[in-house]
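Nothing in this text is a laboratory measurement; each read-out follows from the coordinates by a stated rule. Note that the structure is predicted; figures quoted are calculated from it, not measured. For neighbour counting, all protein chains shown are included, and Cβ atoms are generated from backbone atoms with ideal geometry for every residue, glycine included.
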Amino acid sequence: MCPAFPRGFLRPDSSLRRSTAHGGTREFIPAVVAPARVAALAWNHANTKGNVMIQAQDLAKVYGDKTAVDGVTFTVQPGRVTGFLGPNGAGKSTTMRMIMGLDAPTRGTVTVNGEPYVRHRAPLREIGALLEARAVHPGRTAYTHLRALAATHRIPVSRVSEVIEMTGLGAVARKKVKGFSLGMGQRLGIAAALLGDPQVVVLDEPVNGLDPEGVLWVRNLVKYLASEGRTVFLSSHLMSEMSQTADHLIVIGRGKIIADAPIQEILNGEGRARTRVRTDSPEQLAALLARDGVSIQTQERELLEVSGLGPREIAQAALGAGILVYELTPLQASLEEAYLELTKDDVEYRSDRPDAGHAPSLPAAATPAQTQEAHR
C-alpha cells in the first residue's frame, strides 16, 4: 500500500532551492509545497494490480562480437522470492540492467508491470532496485541522498524517515556516505529501493558486506515483501543463503536460461538419488549394487554413499542377499551441488578445482627486486 501523504509535499522542480549547513558543509534539501496539490499528484497502486511482474520475451544484448544475453524468456511472478543465479559472465548483471532501463535490448522486450521501465512516469513507485550500492555522491549524507530521490517522485519526507529506520541507518543518517562501510552502503541501497513503496523489488547481491544480523534481516525482509504479494527478484553468489530465501530459481549460463523452476524441483531434479547406507558388510553390498549408472563411495568403516539407487532398491537387494543394513538415509543435493551440476558446461571463467584435502598451490614469494619492480 502506498504510504499516506503528510501535510507537506516534496516538489522535485524545487529540490535544490534551499540549502542548510551540517557540520561545516552545505547540503541541498528538497523544498516543500502546499498540501493542496497532494490529492492531484497522489500515485495510485491500483494502476498495477493484476499485472505486477517482470516479463522478458526473447531478450538479447550484444556488445560488438560478444553476446551477453541470448534470447532469454522468463517471468518473475508476484508473491514469491525469485532467485537469479549464474556464473560470472553469464549475463545476470546485463539482464538486470535491461530490466531497469540502463541498457537497451538489442532484441526482444522486458517489461515491469506491463510497461518498459523507461515508460513509467513514476518508476520508483513501480520498481525499486539495488544494483550498485556505491552509486551515491560521497559528499551527501544518507538522509539528503534519500530525500533528493524522494523529491523526484513527490514522496513525502516521512517515508524517508521510515526507510532510514527500517534499514537500521538511524544512527548514521546525517553522516556522509563516503565514510560508510560496505554493509552500511548496502543498507542505504536497500533503503533507496524501498523508498517508493514499490510492488516490484530487484536486488543484486543484497547481503554483500552485511553481518549475520543484516543477512537475517534481508532474508526476512524479502520474504515479507513477497508475502504481501510483491514481486521480488534477487541475485546472490551465496548458495546457502539463496536456499533459505528463494521460492523459485532462474539460472542463466552463457546468456541463456538453463533452469526456471521452483527451488525444490531443481534440488530434486539435479543429480541422481543419493543414499547413505550403514552395513556390517560394506564390501559385499558394494559389489552387489555395482552396475552402470551407480556410483558407490566408502565414507568410513561400514558407511557407504550410493548414487543412482534409492533406499527401496538398496533395501531389496540387501534383503535378498541376507546383508544386514542398519541405516538407509536418502540424501538431497544441496543447492550448491545442484547449481554446479546445472552450470558445469556454462562456466566461462573456470579456475582449477583442487581435490578434497589438497589445497591449490600458491605462487612463489616475490624476491625484493621483483617487489620493487612491481611498485614502479
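One table, with the values for the structure above:
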{"read-out": "Amide N of the stretch 305-319 lying under 12 Å from the label point, which is placed 7 angstrom from the Cα of Glu327 along Cα→Cβ", "value": "305"}
{"read-out": "Sparsely packed trypsin sites (Lys or Arg not before Pro) within the stretch 160-223, loop by DSSP, other Cβ within 10 Å at most 16", "value": "Arg174, Lys175"}
{"read-out": "Residue-span extension gain [Glu337 to Val118] - 0.36 nm each, minus C-alpha spacing", "value": "75.0 nm"}
{"read-out": "Förster-model FRET efficiency, 51 Å R0, Thr152 and Leu319, C-beta, rounded to 0.05", "value": "0.10"}
{"read-out": "Rel. contact order, % - alpha carbon contacts under 8 angstrom, at least six apart, the stretch 274-341", "value": "45 percent"}
{"read-out": "Net charge dipole size for the stretch 54-268 [Lys, Arg +1 and Asp, Glu -1 on Cβ; Debye, nearest 20]", "value": "820 debye"}
{"read-out": "Mean Cβ neighbour count within 10 Å, used as a protection proxy, ranking 151-160, 63-72 highest first", "value": "151-160, 63-72"}
{"read-out": "Residue-span extension gain [Leu238 to Met166] - 0.36 nm each, minus C-alpha spacing", "value": "23.6 nm"}
{"read-out": "Positive-end residue of Ser243, Phe84, Ala191, charge dipole of the stretch 54-268 with Cβ unit charges", "value": "Ala191"}
{"read-out": "FRET efficiency, 1/(1 + (r/R0)^6) with R0 25 Å, evaluated for Lys344 and Arg291 via beta carbons", "value": "0.55"}
{"read-out": "Percent antiparallel among DSSP beta bridges (both partners in the stretch 54-268, rounded to 5)", "value": "55 percent"}
{"read-out": "Stretchable slack from Asp65 to Asp280, in nm (0.36 nm times residue separation minus alpha-carbon distance)", "value": "71.4 nm"}
{"read-out": "Contact order relative to length of the stretch 193-264, as percent, for alpha carbon pairs under 8 angstrom and 6 or more apart", "value": "27 percent"}
{"read-out": "Relative contact order (%) - the stretch 54-268, alpha-carbon pairs under 8 angstrom, separation at least six", "value": "30 percent"}
